[in-house]
Amino acid sequence: MPLRVGIDVGGTNTDAVVLDGSRVVAATKAPTSEDVTSGILTALSEVRKAVAVDDVASVFIGTTHFINAIAQGRDLERVAAVRLATPPQSLMPMIDWPDRLREVVDGGTFVCAGGAQFDGTPLNELDEAGLREIARRIAASGVRNIALSSVFSTVNPDPETRAEEILREELPGASITRSTLVGRVGLLERENATILNAALLDLAGRVIDGLEEVVAGVGITAPILLSQNDGTVMTLDRARRFPIFTIASGPTNSMRGAALLTGLDHGVVIDVGGTTSDIGMLQHGFPRESTVAMSLAGVRSNFRMPDVLSMPLGGGTKVTGDGAVVGPESVGFRIMSEARVFGGDTLTFTDVAVAGGAAPIGDATAVCGLPAATVRRALDIVTDRLTGAIDKAKLTAGDTPVIVVGGGGPLLAALPGFADVIIPEHAGVANAVGAAFAEAGGEVDRVYTLDGTTRAAALETAKAEAVERAVAAGADPRSVRIIDAEDVPLTHLPGGMAVRIKVKAVGPFRDLVTTPEGR
């Protein structure tokens, strides 16, 4: 099997591994740097010592660059939002955004006649003259990034496609993101995701250039791929166009890594980091995706995101009030100097877990004098929180395997009732393992009208398109498989002749598959 390098950037540590098939050849942790890239270089340089660079077939990276930019409202470009609908509109683009983020991104909002009905028939004829006037106004403003959305474009993308052609004629060199390629059913949420993506495009170019320099700097010439939110990966060319698809790759990589390290395709995964714990459900080896709109820094969006509950609980979480208060504050990356077991004077979850019987970390004698009542109180609080999160993540009331990964995973051994959880070997770098184990994927989420066809036929059409998209993303066409398919009748629509179909297909990258002839 070709060697794969996996790198995942967390809030506290940047992890890196080398995989030979499913076997971990080398693994390391390095502190996450403020610029992110320096931490990646440190981790990559360390694991690179264990292999010959010519044996590395690919490098998979999960990065926090883009989610940090959205959360902090920095390094974002102004975006002109163009909507195809029926003017005037009462709910304009970015109407529900937090003021601080809208002030950074808002480069003007415009509505042009166009769009489609739920069944794909035209809502209005596209006002091409009006759209060209909008383009002239955008050019005068100096904005170069455009988010283009259309009513029911997930059913009929033609109005968006034609509008893009016109905007490119009028604005040569502008970056245009079409909502059909980004979000799902639901105009406002899909539009929001498209605007965020457009705001990230310039940053994406700089980040990807930096990642290419880092990898080349250690002598690796293999292709680089970025982790996506749904457990698949994409090429750098695609990442330059759709950076929004990478922002939730951290918890997704951990869940994919949990599947590989345990051989389990189903179960609840708890990823315990230095600052937070992420809890989600593993289905068919991939994280269960959210079926509702998700909030990103206060912006509702509906693109592919894992259904993960994140809570302020990690190794660096502060414990106060004689154990009665656990978090939400954390010492974060300063845990190596501030936690008591590392010579500091701040009581953390790591300290109480070690005092409660978890495997010793640092100087365990530093917490020998902690009052038993303080330890018990804090551990009971953590147990209640995690138990509740597990129950929310489970699909059924029966027994479900619980897999614990992350650098802080061994701390849960101190919790009452957690003796049966599964902590695999290399659990501390499961996120990097998941990054390296990722595949290419394609998804369809669309409303189909059943006029002249059947639900079964529509489902087969969607499956074929999902496979086609996976292949276009880089999957080997011989190995693509459908891992999720569902269809929901939309009886509330006129005539009841519509169905919403969601299909996901995945497969290994064609360049990483060895044929029987060795080619």
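Listed values, structure above:
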{"read-out": "Whichever residue in the stretch 163-186 is among the charged types (D, E, K, R) and more than 23 Å from the chain's Cα centre (by Cα) and, among such residues, is least open to solvent (accessible area, probe 1.4 Å)", "value": "Glu164"}
{"read-out": "Exclusive hit being open to solvent by 20 Å² or more (accessible area, probe 1.4 Å) and of a type outside the set (Val, Ile, Thr), set Gly408, Gly388", "value": "Gly388"}
{"read-out": "Residues of the stretch 435-477 classified as open to solvent by 20 Å² or more (accessible area, probe 1.4 Å), without any contact (Cβ under 8 Å) to a residue 40 or more places away in the chain and charged (D, E, K, R), total", "value": "4"}
{"read-out": "Check on Ser153, open to solvent by less than 10 Å² (accessible area, probe 1.4 Å), outside any loop (DSSP other than H, G, I, E, B), of a type in the set (Ser, Thr, Tyr) and touching a residue at least 24 places away in the same chain (Cβ under 8 Å)", "value": "no"}
{"read-out": "Residues satisfying the stated conditions in the stretch 322-346, i.e. aliphatic (A, V, I, L, M) and more than 32 Å from the chain's Cα centre (by Cα)", "value": "Ala324, Val341"}
{"read-out": "Single unsatisfied condition, Glu160 versus (1) surrounded by fewer than 20 Cβ atoms within 10 Å (Cβ to Cβ); (2) among the acidic types (Asp, Glu); (3) in contact with a helix residue (DSSP H, G or I) (Cβ under 7 Å, 6 or more places away or on another chain)", "value": "(1)"}
{"read-out": "Evaluation of Thr221 against (1) over 16 Å from the mean Cα position of the chain (by Cα); (2) of a type in the set (Ser, Thr, Tyr); (3) more than 30 Å from Phe110 (Cα to Cα); (4) buried (at least 24 other Cβ atoms within 10 Å of the Cβ) (one fails), failing number", "value": "(4)"}
{"read-out": "Elements of type helices (runs of 4 or more DSSP H) in the stretch 324-397, at least 1 residues being at pLDDT 90 or above and touching a Leu at 6+ places or on another chain (Cβ under 8 Å)", "value": "349-355, 372-393"}
{"read-out": "Odd one out for Val56 among (1) under 15 Å from Val429 (Cβ atoms); (2) at pLDDT 90 or above", "value": "(1)"}
{"read-out": "Selection count, the stretch 468-484, where residues are part of a strand (DSSP E or B) and at pLDDT 90 or above", "value": "2"}
{"read-out": "Options Gly273, Gly280; residue that is under 20 Å from Ala27 (Cβ atoms), of a type outside the set (Ser, Thr, Tyr), crowded, with 24+ Cβ neighbours inside 10 Å and under 17 Å from the mean Cα position of the chain (by Cα)", "value": "Gly273"}
{"read-out": "Subset of the stretch 1-11 [assigned to a loop (DSSP other than H, G, I, E, B) and crowded, with 24+ Cβ neighbours inside 10 Å]", "value": "Gly10"}
{"read-out": "Close pairs (7 angstrom Cβ cut-off, 6 or more residues apart or separate chains): within 24 Å of Ala71 (Cβ to Cβ) in the stretch 172-196, open to solvent by 30 Å² or more (accessible area, probe 1.4 Å) and part of a helix (DSSP H, G or I) anywhere", "value": "Gly183/Glu189"}
{"read-out": "Qualifying position, being among the small types (Gly, Ala, Ser) and either free of Cβ contacts under 8 Å to residues at least 40 places away in the same chain or open to solvent by 60 Å² or more (accessible area, probe 1.4 Å) (or both), among Gly323, Gly267, Gly362", "value": "Gly362"}
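Each row is one residue, and each column tells you yes or no for (1) farther than 24 Å from Val405 by Cα; (2) in contact (Cβ under 8 Å) with a residue 24 or more places away in the chain; (3) open to solvent by less than 40 Å² (accessible area, probe 1.4 Å).
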| position | (1), (2), (3) |
| --- | --- |
| Ala26 | no, yes, yes |
| Ala30 | no, no, yes |
| Val36 | no, yes, yes |
| Ala43 | no, yes, yes |
| Val51 | yes, yes, yes |
| Val56 | yes, yes, yes |
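Condition check ((1) open to solvent by 40 Å² or more (accessible area, probe 1.4 Å); (2) closer than 30 Å to Ala71 by Cβ) across all residues:
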{"site": "Met92", "(1), (2)": "yes, yes"}
{"site": "Arg100", "(1), (2)": "yes, yes"}
{"site": "Val104", "(1), (2)": "yes, yes"}
{"site": "Thr109", "(1), (2)": "yes, yes"}
{"site": "Ala113", "(1), (2)": "no, no"}
{"site": "Pro122", "(1), (2)": "yes, no"}
{"site": "Glu125", "(1), (2)": "yes, no"}
{"site": "Ile134", "(1), (2)": "no, no"}
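The values are calculated or read from the model by the stated rules, or taken from the named source; none is laboratory data. Values in this document were obtained by computation on a predicted structure and should not be read as measured data. Note that we place each Cβ from the backbone using ideal geometry, even for glycine, and neighbour counts take in every protein chain shown. Just the protein is used for accessible areas: all its heavy atoms, side chains included, with ligands, DNA and RNA removed. Shrake-Rupley method; radii C 1.70, N 1.55, O 1.52, S 1.80 Å.
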